[in-house]
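For reference, the structure is listed below as structure tokens.
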Amino acid sequence: MPHPTMPPPALSSNGVPIAFSPDLFGPLRGSAGLLGDPGALRERLHADGYVYLPGVLDRAEVLRLRGAYFSLFPDGYLADGTRPEDGVFSGSVPAGLPEHGLPRHPAHAFVRSAVFERFMADPLLSGLAETLLGGSVRMLPRRILRHFHRGSRRASRAHVDLDYMNAVSASPRVVTLWIPVGDCPLATGPLIYLEGSHRLRPEEYTPLREVTDRPGDRRPISHDLELTARHLGRRWLWTDFRAGDLMVHLPRIVHASLDNTTDILRLSADVRFIRAQDTPDPRWLVPWSADDGA
Ligand SMILES: O=C(O)CCC(=O)C(=O)O
């Protein structure tokens, strides 16, 4: 299991600071040792709400995917003298680059590309979902590529996936696989998980929705991660992710991400599986676009 490195002095999410203190942060538990024991892995997923699987993907393949994506950017976005695979931000966004994930932005084409499709077709991903969901599975075509650079003050607010997949007929039997596409230590804004929060009743975090930077959207729980942790009396679990690591989580666990304060571009993909015979939320049956409203 990778050893968490020294934390950076200042953390924030969506520009709101959060102290790096032992009452607010704790380590994710690694579960790669359970891969040969499907029952134990399923038990761990339901006990913790997530399984963290360091080093289970081919690191070179993950870095190739990173390189393929960043090679689609116009000159000036990546730092001079660096390779696309390094994904190092120059500090400026070329004029005319559309907002992340909109049509004509590289992420929009990339999630529709053969290279992305091939990566997602890795039987390791579907096999793991089968193990965890206990039967044959279906990958939902809405797969999100998330990319944050320093200074954007943009990160994922505290939320649960079910609030984004809550069509009346949709099955809640879902697992999400979150894949860091490149090394993603704490200062680059990784995903963090609120300890044991998959067991909370929604009424317990509903009051937090009143403190929001998105008054028109009831789905995020909060953009203030310190307030969230203190209100719910739980720590945010974290690690320094490396390319090749894989997270799986349940749709009821509260999670969020931190701001990227480095020049290393934060890139990740998330993909969801349901049981093959279950009914999906129809909004997840088409490729992702940042303006799809889902
Ligand atoms: O990568 C992120 O910042 C958010 C990902 C997420 O919320 C998910 O995979 O469910």
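The values are calculated or read from the model by the stated rules, or taken from the named source; none is laboratory data. Every value quoted in this text rests on a predicted model; they were computed, and no experiment measured them. Don't worry about glycine lacking a Cβ; one is built from the backbone with ideal geometry, like all the others, and counts go over all protein chains shown.
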Confirm whether ILE221 is under 13 Å from the mean Cα position of the chain (by Cα) and surrounded by 15 or more Cβ atoms within 10 Å (Cβ to Cβ).
-> no
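Matching residues to (1) without any contact (Cβ under 8 Å) to a residue 40 or more places away in the chain; (2) farther than 26 Å from GLY33 by Cα:
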{"position": "GLY216", "(1), (2)": "yes, yes"}
{"position": "ARG219", "(1), (2)": "no, yes"}
{"position": "LEU246", "(1), (2)": "no, no"}
{"position": "ILE253", "(1), (2)": "no, no"}
{"position": "ASN260", "(1), (2)": "no, yes"}
{"position": "ILE264", "(1), (2)": "no, yes"}
Scanning segment 121-175 for residues that are closer than 11 Å to ARG275 by Cα, within 14 Å of the ligand (Cβ to nearest atom) and among the β-branched types (Val, Ile, Thr) gives VAL174, VAL175
Taking the condition in contact with a Gly (Cβ under 7 Å, 6 or more places away or on another chain), at pLDDT 95 or above and among the charged types (D, E, K, R), does ARG235 pass?
-> yes
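For segment 252-279: of the residues being of a type outside the set (Val, Ile, Thr) and surrounded by fewer than 21 Cβ atoms within 10 Å (Cβ to Cβ), which is nearest to the ligand (Cβ to nearest atom)?
Restricting attention to segment 252-279, the residues satisfying the condition of being of a type outside the set (Val, Ile, Thr) are 252, 255-260, 263, 265-270, 272-273, 275-278.
Okay, now just the ones that are also surrounded by fewer than 21 Cβ atoms within 10 Å (Cβ to Cβ), so 252, 263, 270, 275-278.
Details: ARG252: 12, ASP263: 18, ASP270: 3, ARG275: 18, ALA276: 21, GLN277: 23, ASP278: 18 Å.
Restricting to residues being of a type outside the set (Val, Ile, Thr) and surrounded by fewer than 21 Cβ atoms within 10 Å (Cβ to Cβ), the top hit is ASP270.
Each row is one residue, and each column tells you yes or no for (1) within 14 Å of the chain's Cα centre (by Cα); (2) among the charged types (D, E, K, R).
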{"position": "HIS108", "(1), (2)": "no, no"}
{"position": "ARG112", "(1), (2)": "no, yes"}
{"position": "ALA129", "(1), (2)": "no, no"}
{"position": "LEU145", "(1), (2)": "yes, no"}
{"position": "PHE148", "(1), (2)": "yes, no"}
{"position": "CYS184", "(1), (2)": "yes, no"}
{"position": "GLY196", "(1), (2)": "no, no"}
Exactly one of GLY55, GLY81, GLY87, GLY67 is surrounded by fewer than 15 Cβ atoms within 10 Å (Cβ to Cβ) and farther than 24 Å from LEU162 by Cα, and that one is GLY81
Only one of (1) closer than 20 Å to ARG283 by Cα; (2) buried (at least 19 other Cβ atoms within 10 Å of the Cβ); (3) not basic (Lys, Arg) fails for SER169. Which number is that?
-> (2)
Residues of segment 44-80 classified as over 24 Å from GLY151 (Cα atoms) and of a type in the set (Gly, Ala, Ser), total = 4
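Would you say VAL211 is away from the ligand (no atom under 15 Å from the Cβ), under 30 Å from THR262 (Cβ atoms) and surrounded by fewer than 22 Cβ atoms within 10 Å (Cβ to Cβ)?
yes
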Which of (1) under 29 Å from LEU11 (Cα atoms); (2) without any contact (Cβ under 8 Å) to a residue 60 or more places away in the chain is the odd one out, the single condition ARG154 does not satisfy?
-> (2)
